[in-house]
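Engineer: Quick one: this structure, given as structure tokens, is what I'll be asking you about.
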Amino acid sequence: MSNTIKDLTAGTAGGIAQVLVGQPFDIVKVRMQTSAKGTYSGMLHCAGGILKNEGPLAFYKGTLTPLLGIGVCVSIQFGVLEYAKRIFTVQNLARGEGGEEGKMLGGGQLVIAGVAAGLANGVVSGPVEHIRIRLQTQSNTNPIYKGPFNAMKQIVSQHGISGLFKGQAVTFLREATGYGVYFLAYEKLVQREITQKGIRRDQINPMNSILYGAAAGYALWAVIYPIDMIKSRMQTDGFTPSTGQKYASARDCVRKVWRSEGISAFTRGLGPTLIRSPFANGATFLGFEMASRLLYS
């Protein structure tokens, strides 16, 4: 099995773990991001309303799409990241940098690798998250879409393939910015432990992988949350003026949200995100690291 296949497989394991752990928090975040001001008094009000009106299974509404799609997305993230890291490792060895094996990458190298991973991921995550958000926010009593495949079919038939990529520009901005920071934070924490303890990467305590993943997740959301809110608004907006389109572009969305709802709208739903982040991102890196150890052993 090639290194790239191993990385993609390990990334898939991390993606599945992320979805199973983080999906209930994600639906609360999306509902709060896309609701009108004053709809929910807070995270618990939103979660309680979902539980009361739609039942416990509603917290996993639209899960099939991310389970398949996010598995692929995280697989791509780690596949591209590890490929870029190997390229930089070869460059470091040629220059006599990065330690004996050239694997101790610099901050700039890690940011570039993370940005590349984010952009590659964005090609898939854009339409996947678009479908997921449509399913998460539709009426439970009178749904427009019967499921993810029905949603894709309807959107493509009515608005073409481009309809699936609604909000794609802001998705690329979010992914490039976020994953540059995300993987920089995680890899630097890993490097720190390897250097201080004089151990190999596969000797790091799995609990530390969870903690480093949690820290990286907080770094990610600290940078991208307002961008993510705009993405959610764009992906729940109408496709045309006749179907209730409010925003002509991401810039128009920022301007209108700022004017009508104020700066607080850009952090609405942050609570469930911050609660979800350490669990989901810790599970992601734990899944990846454990699968990598198995595959590379």
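Engineer: Rounded to the nearest 10 Å², what accessible area does LEU57 have for a 1.4 Å probe in the complete protein model?
Structural biologist: Probe radius 1.4 Å; accessible area of LEU57 about 150 Å².
Engineer: Give the calculated FRET efficiency between LYS52 and GLN245 to the nearest 0.05, with a Förster radius of 30 Å applied to their Cβ-Cβ distance.
Structural biologist: Computed FRET efficiency for LYS52 and GLN245: 0.45.
Engineer: Hey, another quick one. Longest exposed-loop-site-free stretch of the chain, with GluC sites (Glu not before Pro), DSSP loop and at most 10 other Cβ within 10 Å?
Structural biologist: Within the chain, the longest run free of exposed GluC sites (Glu not before Pro) spans 102-297.
Engineer: Now for a separate question. If you build a Gaussian network model of the chain, linking Cα atoms that sit under 10 Å apart, which residue out of ASN208, ASN92, ASN142 swings the most?
Structural biologist: The residue with the greatest mean-square fluctuation here is ASN142.
Engineer: Something else about it: So what's the projected area for region 180-297, the Cα convex hull averaged over all directions, in nm²?
Structural biologist: 9.5 nm²
Engineer: How much of the accessible area of the chain, probe 1.4 Å, is carbon plus sulfur, in whole percent?
Structural biologist: 65 percent
Engineer: Here's another thing I want to ask about it. Considering only protein heavy atoms, with the full assembly of protein chains and a 1.4 angstrom probe, order THR89, THR171, THR39 by accessible area, largest first.
Structural biologist: THR39, THR89, THR171
Engineer: Work out, in µm²/s and without decimals, the Stokes-Einstein translational diffusion coefficient of region 18-128 at 25 °C, 0.890 mPa s, Rh from Kirkwood over C-alpha pairs.
Structural biologist: 147 µm²/s
Engineer: Can you return the lysines within cross-link range of LYS85? Criterion is Cα-Cα under 19 Å, with same-chain partners fewer than 8 residues away left out.
Structural biologist: Hits, sequence-local ones excluded: LYS6, LYS103, LYS188.
Engineer: Taking the chain on its own, what percent of its Cα-Cα pair distances exceed 23 Å?
Structural biologist: Of all Cα-Cα pairs in the chain, 55 percent lie more than 23 Å apart.
Engineer: Compute a Gaussian network model of the chain, connecting alpha carbons closer than 10 Å, and tell me which residue from TYR60, TYR179, TYR212 fluctuates the most.
Structural biologist: Of the options given, TYR60 has the highest mean-square fluctuation.
Engineer: Grab the DSSP H runs of the chain that are 4 residues or longer, score each as -39,500 (n - 2.57), total them, divide by all residues and round the 222 nm result to the nearest 500 deg cm²/dmol.
Structural biologist: Dividing the helical sum by the residues of the chain leaves -26000 deg cm²/dmol.
Engineer: Sorting TYR83, TYR182, TYR145 by accessible area (1.4 Å probe), largest first, what list results?
Structural biologist: TYR83, TYR145, TYR182
Engineer: A further question on this structure: How long are the three semi-axes of the equivalent ellipsoid for region 85-230, computed from the Cα gyration tensor as the root of 5 times each eigenvalue, in whole Å, largest first?
Structural biologist: 39, 17, 12
The values are calculated or read from the model by the stated rules, or taken from the named source; none is laboratory data. For clarity, every value in this text was computed on a predicted model and none was experimentally measured. Reconstructed Cβ throughout: ideal geometry from the backbone, glycine too, with neighbour counts over all protein chains shown. Calculation scope for accessible area: heavy atoms of the full protein, side chains included, ligands and nucleic acids excluded. Shrake-Rupley method; radii C 1.70, N 1.55, O 1.52, S 1.80 Å.
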